[in-house]
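What follows is calculated from the coordinates using simple rules that are stated; it is not laboratory data. Treat the numbers as computed from the prediction; the structure is a model and nothing was measured. Glycine also receives a Cβ, built like all others from the backbone with ideal geometry; neighbour counts cover every protein chain displayed.
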Amino acid sequence: MNQEATRALVTGGSGGIGAAICRRLGSTGHFVYVHAHRRIAAAAAIVEDIVAAGGRAAAVQFDLTDAAATRAAVETMLEEGTVQVLVNNAGIHDDAVFPGMSPAQWHRVIDLSVNGFYNVTQPLILPMIRTRFGRIINLSSVAALIGNRGQVNYAAAKGALNAATKALSLEVASRGITVNAVAPGIIATGMGDAAFDEAAIADIVPMKRAGTAEEVASLVSYLASPEAAYITGQIISVNGGMMG
C-alpha cells in the first residue's frame with residue numbers, strides 16, 4: 001500500500017490531541033480530512049499548517065451524533081476517493097459523581113463516543129474492504145481501563161469503544177483492515193490540564209509528568225501505517241506507566 005495515496009479522516013481534529021494527530025498524519029504523506037463540529041475555524045487553521053508544511057488537507061464540518069448528516073459528509077468524501085485511515089478521536093467530558101449525574105450528561109457523552117463511532121465508521125467499512133486496506137484507530141482512555149471518579153459516563157463510553165474495537169477487528173482482519181484503540185492517560189491538553197495539577201500527576205503517574213499530544217499522535221501514526229499490518233484488536237495505553 002502506498003501511504004502517499006492514503007486519505008485519512010480524523011474526527012475531533014480541532015482539539016489538542018486531534019490537531020497533533022492531523023499534523024502528524026499530514027507530515028507522513030496522508031491527505032487529511034480535519035473534522036470539526038463547531039470549531040471549524042480551528043480546523044481550518046490546522047489545514048493551513050499542514051499545507052504550509054507541504055502536506056495536503058481539508059476541513060470538514062458535521063455533527064457526528066446526527067446520523068444523516070454524518071453519512072452525507074462521508075459520501076461526499078468518498079466521491080473524492082476511499083478514506084482508508086479513520087481516527088475516531090472525537091469525544092467529550094461531562095463529569096459528575098454518578099448519584100448526581102443528569103440524564104443529559106450521561107446521554108451526551110455516550111452519544112458522541114459510541115453512536116458517533118457507528119455513524120462515521122459503518123459507511124466507511126465497505127469502501128475499505130474493496131481496496132483491501134484500512135486502518136481504524138479509536139481514541140479510548142485510561143478511564144475505561146482503571147476507572148476514574150466522576151467519569152462513569154466517560155469510562156462507559158470509552159469501554160464500549162474498546163469492546164467494539166475487539167469485535168470489529170475480528171470481522172475485518174482477513175480484509176487487510178486493522179482496528180485498534182489508543183488509550184491515553186494524563187495528556188497535557190486543555191482537557192487534561194483542567195483535571196490534574198502537577199502534584200496530582202506526580203502522585204498518579206510513575207513517570208511524574210503528563211504525556212504530550214505528540215506522543216499520542218506518534219503511536220496513532222504508526223498504527224495507521226503499512227508497517228502495523230499485523231497489529232489489530234489491541235488497546236494500547238500511552239500513560240507513563242499507570243497500571244491498566
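Could you tell me whether any residue of the stretch 166-180 is of a type in the set (G, A, S), over 25 Å from V32 (Cα atoms) and in contact with a Gly (Cβ under 6 Å, 6 or more places away or on another chain)? Steps first, please.
The initial filter retains those residues of the stretch 166-180 that are of a type in the set (G, A, S), namely 167, 169, 173-174, 176.
In the following step, the residues that additionally are over 25 Å from V32 (Cα atoms) were identified as 167, 174.
With in contact with a Gly (Cβ under 6 Å, 6 or more places away or on another chain) added as a condition, the list becomes none.
No - not one qualifying residue is present in the stretch 166-180.
Select, from G29, G12, G54, G18, the only residue that is in contact (Cβ under 8 Å) with a residue 40 or more places away in the chain and part of a loop (DSSP other than H, G, I, E, B).
Details: G29 fails: in contact (Cβ under 8 Å) with a residue 40 or more places away in the chain; G54 fails: in contact (Cβ under 8 Å) with a residue 40 or more places away in the chain; G18 fails: part of a loop (DSSP other than H, G, I, E, B).
Residue meeting the stated conditions: G12.
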Residue within the stretch 66-87 that is touching a Gly at 6+ places or on another chain (Cβ under 6 Å) and β-branched (V, I, T) present: no
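I want to confirm something. Restricting to the stretch 222-231 and keeping residues that are within 19 Å of the chain's Cα centre (by Cα) and assigned to a loop (DSSP other than H, G, I, E, B), which single residue is farthest from T178 (Cα to Cα)?
As a first pass, look at the stretch 222-231 and keep what is within 19 Å of the chain's Cα centre (by Cα): 222-226, 228-229, 231.
If we keep only those that are assigned to a loop (DSSP other than H, G, I, E, B) as well, we get 224-225, 229, 231.
Values: A224: 9, S225: 10, A229: 7, I231: 7 Å.
So, considering only residues that are within 19 Å of the chain's Cα centre (by Cα) and assigned to a loop (DSSP other than H, G, I, E, B), the one farthest from T178 (Cα to Cα) is S225.
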Pair list, Cβ < 6 Å and 6+ apart or interchain, from the stretch 138-162 residues that are under 16 Å from G116 (Cα atoms) to residues that are basic (K, R): S140/K158
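Taking the criterion of being surrounded by 16 or more Cβ atoms within 10 Å (Cβ to Cβ), farther than 22 Å from P184 by Cα, among the hydrophobic types (A, V, I, L, M, F, W, C) and within 17 Å of the chain's Cα centre (by Cα), would at least one residue in the stretch 4-18 satisfy it?
Step one: of the stretch 4-18, the residues surrounded by 16 or more Cβ atoms within 10 Å (Cβ to Cβ) are 6-18.
Retained after the next criterion (residues that are farther than 22 Å from P184 by Cα): 6-7.
After this cut, where a residue has to be among the hydrophobic types (A, V, I, L, M, F, W, C) as well, the list is none.
No: the stretch 4-18 contains no residue that is surrounded by 16 or more Cβ atoms within 10 Å (Cβ to Cβ), farther than 22 Å from P184 by Cα, among the hydrophobic types (A, V, I, L, M, F, W, C) and within 17 Å of the chain's Cα centre (by Cα).
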Given (1) small (G, A, S); (2) out of contact with any helix residue (DSSP H, G or I) (no Cβ under 7 Å at 6 or more places or on another chain); (3) at negative phi, index of the condition A164 fails: (2)
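Okay, residues lined up against (1) buried (at least 16 other Cβ atoms within 10 Å of the Cβ); (2) of a type outside the set (K, R); (3) assigned to a loop (DSSP other than H, G, I, E, B); (4) touching a residue at least 12 places away in the same chain (Cβ under 8 Å):
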position	(1), (2), (3), (4)
L170	no, yes, no, yes
M207	no, yes, yes, yes
V220	yes, yes, no, yes
G233	no, yes, yes, yes
Output for the stretch 52-91, where each listed residue is surrounded by fewer than 14 Cβ atoms within 10 Å (Cβ to Cβ) and either closer than 26 Å to N162 by Cβ or aliphatic (A, V, I, L, M) (or both): A52, A53, A68, A72
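Quick one: which residue in V109, V97 is surrounded by fewer than 17 Cβ atoms within 10 Å (Cβ to Cβ) and either on the phi > 0 side of the Ramachandran plot or not polar (S, T, N, Q) (or both)? Step through it out loud before you land on a result.
Details: V109 fails: surrounded by fewer than 17 Cβ atoms within 10 Å (Cβ to Cβ).
Going through V109, V97 in turn, the sole match is V97.
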Qualifying helices (runs of 4 or more DSSP H) (wholly inside the stretch 77-163; at least 3 residues being under 15 Å from the mean Cα position of the chain (by Cα)): 116-131
